[in-house]
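Novice: There's a structure below that I have some questions on.
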Amino acid sequence: MEYCLILFKSPKGAFESLCQEDQEKHKTEWYEFIEELQKQGVMHSGFPVGDHQFVVTANGSSTKWPTLNDMRLSGYMVIRGQSVDEIIKRFLDSPALHMGGEIEIYPVPQDEMSEE
């Protein structure tokens, strides 16, 4: 069994620029996408994230930084599958890509994840 960290990135302001009807449609696409992953038993965890990042330094200070580029981190998931290729294929029709977003997929070393 393989695990991957999935990072979803979306263009800043893309969702907010949609009309109310299209926002609801996009949310429904996400709900259905996540529901399908849950039915298949492959979604380990995941959450959306806010617009700001916090940077913590070695001296213990933290700073709230705005997202500086055109793409923002909008959420993450930890997914399991038979192979990294299988996991990649699951996300080729992700709602994140429907809005011009990007998906980054990072395999997690197998010794870091225990089977459930």
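Novice: Checking the a/c ratio against 1.5 first, then a/b against b/c, what shape does the Cα gyration tensor give for the chain?
Specialist: oblate
Novice: Over region 2-110, what relative contact order in percent results from Cα pairs under 8 Å that are six or more residues apart?
Specialist: 52 percent
Novice: Counting helices only, and only those DSSP H runs with n ≥ 4, report the 222 nm mean residue ellipticity of the chain as the sum of -39,500 (n - 2.57) divided by its residues, in deg cm²/dmol to the nearest 500.
Specialist: Here the helix-only value at 222 nm equals -8000 deg cm²/dmol.
Novice: Calculate the dipole size of the chain relative to its Cα centre from +1 charges on Lys and Arg beta carbons and -1 charges on Asp and Glu beta carbons; express the result in debye to the nearest 20.
Specialist: 380 debye
Just so you know, all these numbers are worked out from the coordinates, no wet-lab data involved. Here the structure is a predicted model, which is why all the values come from computation and not from measurement. Note that we place each Cβ from the backbone using ideal geometry, even for glycine, and neighbour counts take in every protein chain shown.
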